[in-house]
Every structure is written in C-alpha cells, then in structure tokens.
Number of protein chains: 2
Amino acid sequence: MSAPRVAAPGSGGGAAEPEPVRGRGLELELGSSTQTSHRLLAYSDALLSIIATVMILPVAHTKIHPDQKLGESVQQLLLAKIAVYLMTFLIVTVAWAAHVRLFQVIELIDDVLALLNLACMMIITFLPYTFSLMASFPEVPFGIFLFSVCAVIIGLIQAVIVVYGFYHPHLLNQQIQVSENQNFYKRHILKIILRGPLLCFLAAIFSFFFIPLSYVLLGLVIVFPHLTRFITWCKTKIVGQRDEEEEHRSLESFTFYLSEPLSKERVEAFSDGVYAIVATLLILDICEDNVPDPREVREKFHGSLLEALSEYGPNYLAYFGSFVTIGLLWFVHHSLFLYVTKATRLMGLLNILSLAFIGGLPLAYQLTSEFAEKSHNEIEAIQVSCVITFFASIFQFAIWTTALHERETLHPFARYGGKEHAFMFAKLALYPCVSLGAFFLTCLLSEFSTAIFHLMQIVIPFAFLALRIFVRISLTVIKSVMSLSGRKVVLLEEEEACLSPTETLS
Amino acid sequence: MSAPRVAAPGSGGGAAEPEPVRGRGLELELGSSTQTSHRLLAYSDALLSIIATVMILPVAHTKIHPDQKLGESVQQLLLAKIAVYLMTFLIVTVAWAAHVRLFQVIELIDDVLALLNLACMMIITFLPYTFSLMASFPEVPFGIFLFSVCAVIIGLIQAVIVVYGFYHPHLLNQQIQVSENQNFYKRHILKIILRGPLLCFLAAIFSFFFIPLSYVLLGLVIVFPHLTRFITWCKTKIVGQRDEEEEHRSLESFTFYLSEPLSKERVEAFSDGVYAIVATLLILDICEDNVPDPREVREKFHGSLLEALSEYGPNYLAYFGSFVTIGLLWFVHHSLFLYVTKATRLMGLLNILSLAFIGGLPLAYQLTSEFAEKSHNEIEAIQVSCVITFFASIFQFAIWTTALHERETLHPFARYGGKEHAFMFAKLALYPCVSLGAFFLTCLLSEFSTAIFHLMQIVIPFAFLALRIFVRISLTVIKSVMSLSGRKVVLLEEEEACLSPTETLS
C-alpha cells in the first residue's frame, strides 16, 4: 500500500521532506549522493507499460473496408498482428518482472545506477520493434539475431548493475547487507540474471545455422521462471512433506529472487501505466485523423462543422465506450488492490493476463463503431468486445480468488463474511456477468445487438454507483432469510458494526 | 519527497499494509470504504500527462518532402500545429493544477468520488480534440461552443466533488475539518472552481453572436490565476508593508486554494508521465511504419533484411538520440527534485514550460534524422533541436535558481556552498552550455553540423558519468587557489566533511 500523501498544505515544507530509510539519517542519504529508488522505478514502470501496449497500434490501424466481410486474408493478418502484440506484451512483462526483482535486491541508487538503468530502459523499449521484425521475417536470421543481441545487452547491463551494487554494499537490501555470505548471493543473482541472456546468445549464434533451435531457445527464456517453479511445485507434491524442510533450508538463499512476491507498489504502478495509455489510445487517433479539412467542410457540408463532425460520431462513441470500460476496470482493480497486502507470483501472472486483454479493448471498440452502421460484421465485432471484456474482468476475479486462498495476501476485512467481502465480490462479478449476458443476448436477439451493446455501456457506470446500496439490500434480505433458519448471522452483523462506525454516521 | 519503498521482501505482508493516515486507525479507513487518494491521483496524473503531450503527434506527422525547402506554406502549417500543441499543453496543465488544488482540499476518497473523478478525466481527455477543432475552424461558432461546453462540464463535476466532499467532512483536509467556518470554505472553493466554467459558459453563448469576445473570455480563463496573483503582488509592492498584516489575516482562508505550493509528489508524477510518453513517442511510429514489407524486401533488396533496414537507419538514430536526451533531462529533473522540498507556483510554471519544450524534442530529432542525408534544411533542423534542448534545460535551471531564492524550498544541503551545490549546478548547467555551444558551432562550421550534433549526443552521457569527478577536481583547484588568498574555504570544507562521511569510505 502506498504511503499517505503529503497531507497538510500548511506544513508543506516539513511534510515534503524525505523520510529516513531503514533507520539511516536523512543526512547520509542526501549527503553521499545516495537516493531512494522510488521515482526511478516509477519512471521505469511508466516506460515499460507504454512499451508493453504499443504493439496494439499496428493491430488497431489495420484498415478493413466496411463492406468487406472479415475475409480469410484480413483475418490472418489480424491474427498475426494480435499474436505479435500478445507475445510482445509477455516479453516486456518478463523484462519488467526481472527489473522488479533486481531492484528488490538493490534498494538505494546513486547517479551511476540511475544512468545504467536508463540505458537498460532504452534497449528494452527497442525490444518490441525487433520482435515485430522477427515476426514479419520468421525465416530471416537477422531478425532473430537483432532481438537476441538486444536481450543479451539488457542482461549485461543488469549484470553490471548487480556488480556495481555489491561493490557499494550500502545500496543493497538490508538483509543481504547484514548477511555473511554476500559473495554467494552475488554469484547466485548473477547466475539467474545471466541465464536468460546466455540462452539468447546461443539463439543468436544458432540463428545463422539452424533457425528452429533459436526459437526453441527464445521460448525457453520466457517459460523458464515458470517452469522451474512448476517443477519445484510438482516435486513437492510428489515427494511430499519430506522436502519441505530442505526447501525451507534453501529458501534463505533463494528468497530474494525466486519465491518472494512482487512489490505490490510496482504492480500497481505498472498496471496504472497500462490502463492510462490504453484509455487514451483512441484519442491519439481521434486527435490526428478526425479533424476535418476546412476546404472539405466548405465544399461538401456547406460550411456546417456540425454536419461534418457527425460523420465521426461512431468514433467518439468508441472513444467514450472504451474510456468508460477501461476506467471502470481500473476502478475495480484499484478497489481490489486496496485489500491486497502482497502480490504473489501467480497473482502477478493473472494481473498481466488481465492487462493483456485490456490492451485489446480499444481495438474491439473501434471495430464496433466502424461496423455500427453499415456492415455485415456488426455482431461479430460486438461479440469480440464482449469476449475481451469478459476475459479482462474474469482474470481480475481470478486474482481475488487466488488471494482468498493464499495466506496473508488479503487484508482481514476482505476475507469471507462481512459486508466488504460481499461488496468486493459484487464489484468484481459485475463486468464478467454483464459481458457474458450481453454476449448471449446478441446471439439470441441478433437484430438488436447494437442497441444491447450501447445500453450495456450506459447502464454499467450507474450500476457501479448503485452497487453499495444493492449489496446492502441483498445482505439484509439474506440476513432476514437466514434469521428464520438460524442465528449464524449475528456474528457477521457484529463484525460489520465494529468495522464501520462512520458508515452509520454519514 | 516520495516515501521510502517497501523495503524488506521478507516482511512483505506487513510492510505492504497501508499506513494509517493522519492518526486515524487503518480499520476506519478500510471499513468505511474510505481510501487514500494516492493511486487515484497517480492514475489521473498519468492520463493528464499523456493528454498534454498528445497534440505533438499531428506536428510530428506533418509530411515534408526532403527535397523541398521548408517553404512558406509548410512553415505556416507547422507553426499553426505547434501553436495548437503549446496551447493544448497549457490548457491541460491549467486543468491539472486545478485538479491538484482540488485534491489538496479533499484528501480521502470513496467510491463515488473515484467514479466522479474518472468522469472528469474523460471530459478532460477530450479537451485537446475540441481545441484542435477550434484551431482549425477559428471562424465557426460550433468549435468554440464544444470546447466551452466541455470546460463547463468539467467545472460542474468538480463542483459536485466539492459539495460531496463537504457533505462527508471526514474526507476533507484536516485543517478544514477542524475549522469552524466550513461553510465559508465551501463557498470560497466553489467560487474559485466555478469562476472558469462561468467564463466558458459566457464564451459558449457569445460564440453565436460575437466570436472575438468568446476568445477573450477563454483567454481570461487561462491567465486568471496568474493575473490575480500578479495584481496582489503589485499591490503589495506599491502599497508596501502596510498591507502585509491584512494579507496575513485573509491568508487563513485563502491558504487552501491560492497561495499554497503544489504537491511536490504530483509535480513529479506529472513530469514523469510527460517524460515517459515523450521518450517513447518515436518508437510508436517506428513500430508501426518501419517494419519493411516482406515482398518489397524480396524484390528490392534480394531478401537481405539488413539492407532493407539500413534504409531506416536515420530513424533509429533519431529514436536513440531523443531517448538519450529526454532520459538525461529526466535524470537532471530527478536529481533537482531530490533537493526540492516544496514546489511553489512559480516553480510549477517553470517546470511546465520546461516540459512543453521537452514535448517538442522528438519532433526536432525526427526532423534532424530526416534531413541528415540529402536535404537543404540540415542545419536548420539541427539548430532547432539545439534551441529546443536549450530552452528545456534552461527552464530546469530556472527552477533551481528560483528555489535558491525562495524560503524553505530547497534542502539545506543544496544551498550555497558545499560540494552538493556545485555538483547540482554542474548537472543543471551541462545541457544549456552544450546545446548553446553546438548551436554556435553549427553556425561557424556549417559543413560539419551533423558531425558536431552526433558527437554531442555521444559525449553527453559520458559527461554525466564523469561529472562528479570533474566537480571534485575543480573544487580542489578552487580550494587551493582560494587558500592562497584567504581562509574562507575552511568552513566550506568542514561542512562538506560533516555532510558526507560515507563518501570518503566508498
């Protein structure tokens, strides 16, 4: 959870001062040019989230003639571009996760580290481009070579960062700092960081001899962290409890890189970046393409700007539709992460999957608006929108269920029972239910599909506003039903009363 | 200054919990569905920074034929688009500043406020488009009407937020909460918030009768806050000390909206957003436009991808050039704001001006690369890049000088004297000096202009790395020179020694 914002404007100067980190004095922090890494990481998160979503633009800008059925060739082109988008998203998030881990080991930065990190960012932002080259020319070694070389450079820079960090131990995580076997940690972390680049290096070499092997090697890089975790998990399940002790013993050394949860703050920052850039993707296009030409307005519309703009009506609708949907999904995400106390690896993965679908939303809405009037693909476009919305929201729901089942991942208030739990459940369930409902309704009443879709867009924001009232009513109903059958609810009610004393006041 | 990041991964669960805000228990915060506004504001900042910089895209995408001299018509078109960009930037930052003020009054949020804020954001993100319509059709009332209506809606939503906040006083700023005349505050804040929309409303009405008056009214909205401040300042200067007491009396009520510094955290977040989106603007284009067509590669380049890509060489150069420059300017900004303890209104304005120039950098670099090989505008393009870099960095320098002259705006370490001061000075002075130097060099040695420009790009990152060593050497030189003339430096040296005990160790 984020720290409280600087509160009283009256005491601006005092409150804005940096708080001492881990018990060291402020003097030391500033005087020795050592800085907290907060803003550097926020900036990195912003860059990475933009880069992760950028490959949706080529998909969105694929021109489809409205009269044309979504033909085979267009479909294939679209599918290829969507695959590139999803793969890029995955690769960038892998790089992001590695970056998170790295800066959980190195907690303070100085100027050299800041500059090294910027260099690393520069190469990472170039990755999507090399990847799309690779996708366009799967047979050409140079595409794979370029991609691999970038990955190797990123790995090397990160290795330099680690070596620099261990050379200046006051920058490191407190636990490593006090540990006696720093050298062991250093070698261990370097090994993990350089594992991926080594595979990429081999891929770069093999790209000139035997391309399929290169692809296998590159694929390994992405699945490797999940694979090792999966194998460990399987081993524990099969061999049973016996291993747990051994695992516990080795945990002490692995804790910083493999099994620890991702920093919740950075998961939030990265998600915020993705939501923000995706929400504004359509306005980027609108600002550029939908300003009518003055001459055309004079000649074609007799000087009436209103008439000229009404041509673009569907585009505006698409913008507002996607902004509202993404805004509300952000709202759900925000509410959810208020209760989440730490983000495990699985929750991080689910979050990334949810974000990947959210990246597709503007595209879906654009399709909807383009086909809204005069096409044969109206229903398909609307159904695609519903499906994407469904998956984006169901993965959010999955984060919640995962958090409920793991230990210490949720705030006690949001656990089973109690009003807040019910309310959170309702918030998370709203979008999956509505999008699924809309999907099946359009199947049944295909001639009203557009009307159903627009109705859904208009109703949902109000549904969110009324949700609290609705949940309270249903809880009262359940309570009164339950009170006939037993006295189990008394406990729930008491808990509620003790949790929200102001609720009744306001 | 940002709060310290969640530190020890080992204690993830505990450290990630939200800290109690202003002495209230965590229970109350979560139980009553009241939340800290941190993440909502971060998300708003991200949205607003993207929107502020979005109008640079139409400028960057203006197609100029390389053989064509920057003719009159192209120049005029470019100038018009640049004017639109700058005005949009200014308008969005005015909206942003109002948003900052608003959420300095309302410090905690609940679901209703979050949704209202999202609605407000949606309209604000639509502003740039209505503004560019207005710029394209200055004579048509509908453009002005649309813009004004958006502004009015934004004002009304903000008014609803204020009314809602005062209806639930536990969401408000502590100082207002304990104050006795809450109603006075409410009316005062509403008056300030609705002043702009009222002017816009009048502008919307007059747009159908007398367009010039509409423009005057809209202009008033932007300059109004600065104007009132300027008038107060003049009055104080002319009438003198006598008024100070009166001002002090009225300060108690005005403190929340007019004279208080902007939240430093939000200035940083907004700047980060702008830097991040601007740094990646060129890769957006590269990813979309610079993936060669497989058929073309086969036919034109005999299947050699490398040859096909070498055509795009200048684009890559432009990307890396702009990324490095923006990254380093971010680095300077980051270093500067480590020392800044609060951001006054003037510093905020200077920061926004610096950001506005930074938004133009990718465009300038693109021009440079396009003209690098075969054009008549090579020198002009390079000089434009130098000028933009110069202004972006000189405004950063101005923030520093302003901070030095105001009270309590800088951390004591960075004040006059001491090594950190000299180092900060060197960091801030590097870009203005180099860009100015490059500008005059290209004037003198016009045939080597491209070489000079590329040399500058390569040298600067290393200059930043070597800066600390350089400053230390110059300080030693100055010290030894000074020690011949007096003993004034002893004090400086002592201060230095007491400030950085680790510096000598590491």
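The values are calculated or read from the model by the stated rules, or taken from the named source; none is laboratory data. Quick caveat, the model's predicted, so the values are computed rather than measured. Cβ: placed from backbone, ideal geometry, glycine included. Neighbour counts: every protein chain shown. Remember, those area values only see protein heavy atoms, side chains included, never the ligands or the DNA or RNA. Shrake-Rupley method; radii C 1.70, N 1.55, O 1.52, S 1.80 Å.
Here are the numbers for this structure:
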quantity	calculated
Of all residues in the range B:311-328 being polar (S, T, N, Q) and touching a Phe, Trp or Tyr at 6+ places or on another chain (Cβ under 9 Å), the one that is nearest to B:Q396 (Cα to Cα)	B:T325
Subset of the range A:163-197 [aliphatic (A, V, I, L, M) and within 18 Å of A:V94 (Cα to Cα)]	A:I189, A:L190, A:I192, A:I193, A:L194
For B:S500: the one exception among (1) open to solvent by less than 60 Å² (accessible area, probe 1.4 Å); (2) modelled with pLDDT of 80 or more; (3) of a type in the set (S, T, N, Q)	(2)
B:F391 more than 14 Å from chain A (Cβ to nearest Cβ) and either in a helix (DSSP H, G or I) or not charged (D, E, K, R) (or both)	yes
Qualifying helices (runs of 4 or more DSSP H) (wholly inside the range B:172-245; at least 3 residues being open to solvent by less than 60 Å² (accessible area, probe 1.4 Å) and at pLDDT below 75)	B:211-239
Extreme residue, surrounded by the most Cβ atoms within 10 Å (Cβ to Cβ), among residues of the range A:105-144 that are among the aromatic types (F, W, Y) and part of a helix (DSSP H, G or I)	A:Y129
Flag if B:A451 is within 25 Å of the chain's Cα centre (by Cα) and small (G, A, S)	no
Meets criteria (under 21 Å from A:L113 (Cβ atoms) and free of Cβ contacts under 8 Å to residues at least 60 places away in the same chain) for A:P212	no
Sole exception among (1) within 13 Å of chain A (Cβ to nearest Cβ); (2) over 17 Å from B:A97 (Cβ atoms) for B:A204, by number	(1)
Test: residue in the range B:414-435 that is assigned to a helix (DSSP H, G or I), open to solvent by 50 Å² or more (accessible area, probe 1.4 Å) and at pLDDT 85 or above	yes
Residue ID - nearest to A:L262 (Cα to Cα), chosen from residues in the range A:329-364 that are at the interface with chain B (Cβ under 8 Å from one of its Cβ atoms) and part of a helix (DSSP H, G or I)	A:F337
Condition check for B:Y275: part of a helix (DSSP H, G or I), more than 8 Å from chain A (Cβ to nearest Cβ) and modelled with pLDDT of 80 or more	no
Single residue of the range B:294-328 satisfying the filter (within 10 Å of chain A (Cβ to nearest Cβ) and within 22 Å of B:A429 (Cα to Cα)) that is most open to solvent (accessible area, probe 1.4 Å)	B:V324
In the range B:330-372, the residues that are touching a residue at least 60 places away in the same chain (Cβ under 8 Å) and polar (S, T, N, Q)	B:S335, B:T341, B:T344, B:N351, B:Q366, B:T368
